[in-house]
Amino acid sequence: MNHRTRTLAAAFALASVALVAGCSDEGDPVSFDGPSAAPAPATAAPTRPAPGGSPSAPAGPRTVMPTGPKADFTVQNTIDDGTKIAVATLRGEKSGFTGKVWVWAPKQYFDPKYANSGFPVLIALPGGNGYPNNYWMGTDLKLQSSISAWSKEGKSLPFIVAMPVLNPDDKYYYDGSDIPGQPKMGTWMTEDVPDFVRANFRTFDSRDGWAFMGSSSGGFVGLKSVLQRPDKFKAVIASGPDTVPDSPLWAGHERERQANNPERLAAAHGRKPAGKANDVYLAFQIGTKESGLKNLKSFMRNYTKGPVKTRLQIIADGGHNARSYVRGMGDGSIAWISEHMQGPIPSP
């Protein structure tokens, strides 16, 4: 997808800005403090629940309680089950960039039986410029309500969803990267945003609890981030993405551009010896009504090897839009990444 196609994605983003009418507590303070945690049994071994929630095999990730400081969240939206989508301003200590981050926690997060447990995190990125809003924070696209339903059906883990702004302005695409001389959007996305989630939520100390999802330009950023930082992130659902960086801001910085190129990153990661590299799970999605299928199949054919695992969800009658991509997630993509990630661990 080139910048012309991205302009169409931006138009869709503007058309999909959150529906907040009727949210009577919009703007009110809100907290994500969970239930009070009882002391965890000293001998309890963590387990990796299947998507339906039944423990199946030993696993290593440990729960990390919120590190603080707490953010000043306000209500943005309320989904049908009463859970809140909230927003706060993050001043990124590592990137130096300041922007908004929207967050949502599933109903299970507030269940006392999970009071001692971390939850997996999905960083959800929009298409288009993704500034000043991230369109996943609206209720119209039904991302959060779908995850809520899928987790009850056993299709998905009950993810915490974090929705940061994608770019620092609406003029350029920054490719989720630290382009020389520009705001450090790569550091913002892979360092500051995860630190912010850890400060406010119960999470896991392992990459098994961290993933991206994104559409169009956001799909590129999620794909690139997982391949660039496989020590921190395990999976991505990349819908209708580019597979090479193409921001005009890379001009004069070819070495840095290639260091942020998913094709180069996937090739290098796939060459690492078995057992010497972290497996990454790349779930691609594309609709039958959009272009780009040939490119994704080429990427998968060239780079699916060793620790690079891929899956393709072709969405029947799907277009280059977020609603199609949510449908594709329910058709298989969310279940696939959930199978490879850490779910919350109920108390005995």
Look through Arg301, Arg327 and report the one residue that is assigned to a helix (DSSP H, G or I), in contact (Cβ under 8 Å) with a residue 12 or more places away in the chain, charged (D, E, K, R) and farther than 18 Å from Phe233 by Cβ.
-> Arg327
Residue check, Arg311 against (1) under 18 Å from Lys155 (Cβ atoms); (2) assigned to a helix (DSSP H, G or I); (3) among the basic types (Lys, Arg), all met but one. Which one?
-> (2)
Can you spot a residue in the range 324-341 that is out of contact with any helix residue (DSSP H, G or I) (no Cβ under 9 Å at 6 or more places or on another chain), closer than 29 Å to Ser206 by Cα and aromatic (Phe, Trp, Tyr)?
-> yes
Find the residue count for the range 132-172, including only residues that are free of Cβ contacts under 8 Å to residues at least 60 places away in the same chain, in a loop (DSSP other than H, G, I, E, B) and either crowded, with 23+ Cβ neighbours inside 10 Å or at positive phi (or both).
-> 4
Could you pull out the residue among Ala238, Ala211 that is buried (at least 24 other Cβ atoms within 10 Å of the Cβ), touching a Leu at 6+ places or on another chain (Cβ under 6 Å), without any contact (Cβ under 8 Å) to a residue 60 or more places away in the chain and of a type in the set (A, V, I, L, M)?
-> Ala238
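Select from the range 293-327 the residues that are of a type in the set (Ser, Thr, Tyr) and in contact with a strand residue (DSSP E or B) (Cβ under 9 Å, 6 or more places away or on another chain) and list them in ascending order.
Result: Tyr303, Thr304, Thr310, Ser324, Tyr325.
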Of all residues in the range 267-296, how many are assigned to a helix (DSSP H, G or I) and either touching a residue at least 60 places away in the same chain (Cβ under 8 Å) or of a type in the set (Gly, Ala, Ser) (or both)?
-> 3
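Taking the range 248-291 as the search range and keeping residues that are basic (Lys, Arg) and surrounded by fewer than 20 Cβ atoms within 10 Å (Cβ to Cβ), which one is farthest from Val236 (Cα to Cα)? I'd like the intermediate steps shown before the answer.
Here is the first cut: in the range 248-291, the ones basic (Lys, Arg) are 255, 257, 264, 271-272, 276, 289.
Add one more test, that the residue is surrounded by fewer than 20 Cβ atoms within 10 Å (Cβ to Cβ), and what stays is 255, 264, 271-272, 276, 289.
Details: Arg255: 25, Arg264: 17, Arg271: 20, Lys272: 20, Lys276: 21, Lys289: 22 Å.
The qualifying residue farthest from Val236 (Cα to Cα) is Arg255.
For the range 116-131, how many residues meet the condition of being polar (S, T, N, Q) and either without any contact (Cβ under 8 Å) to a residue 40 or more places away in the chain or crowded, with 23+ Cβ neighbours inside 10 Å (or both)? Walk me through how you get there before you give the answer.
Taking the range 116-131 and keeping what is polar (S, T, N, Q), we get 116-117, 129.
From what is left, the residues that are either without any contact (Cβ under 8 Å) to a residue 40 or more places away in the chain or crowded, with 23+ Cβ neighbours inside 10 Å (or both) are 117, 129.
Of the residues in the range 116-131, 2 are polar (S, T, N, Q) and either without any contact (Cβ under 8 Å) to a residue 40 or more places away in the chain or crowded, with 23+ Cβ neighbours inside 10 Å (or both).
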State whether one or more residues within the range 120-135 are at pLDDT 95 or above, under 19 Å from Val30 (Cα atoms) and not hydrophobic (A, V, I, L, M, F, W, C).
-> no
Just to be sure, is Phe220 crowded, with 24+ Cβ neighbours inside 10 Å and not in a loop (DSSP other than H, G, I, E, B)?
-> yes
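Would you say Phe97 is in contact (Cβ under 8 Å) with a residue 60 or more places away in the chain, on the phi < 0 side of the Ramachandran plot and over 17 Å from the mean Cα position of the chain (by Cα)? It would help to see each step written out before you state the result.
Values: in contact (Cβ under 8 Å) with a residue 60 or more places away in the chain: yes; on the phi < 0 side of the Ramachandran plot: yes; over 17 Å from the mean Cα position of the chain (by Cα): yes.
Against the criterion (in contact (Cβ under 8 Å) with a residue 60 or more places away in the chain, on the phi < 0 side of the Ramachandran plot and over 17 Å from the mean Cα position of the chain (by Cα)), Phe97 qualifies.
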Of the candidates Asp205, Asp175, Asp231, Asp192, the one satisfying the condition of being crowded, with 20+ Cβ neighbours inside 10 Å, acidic (Asp, Glu) and farther than 27 Å from Gly318 by Cα is Asp192
Considering only the range 100-114, state which residues are closer than 16 Å to Asn200 by Cβ, crowded, with 17+ Cβ neighbours inside 10 Å and not hydroxyl-bearing (Ser, Thr, Tyr).
-> Lys100, Val101, Trp102, Val103, Trp104, Ala105, Pro106
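The values are calculated or read from the model by the stated rules, or taken from the named source; none is laboratory data. Everything numeric in this text was worked out from a predicted model, so none of it was measured. Positions of Cβ are generated from backbone atoms using ideal geometry, with glycine treated the same way; all protein chains shown enter the neighbour counts.
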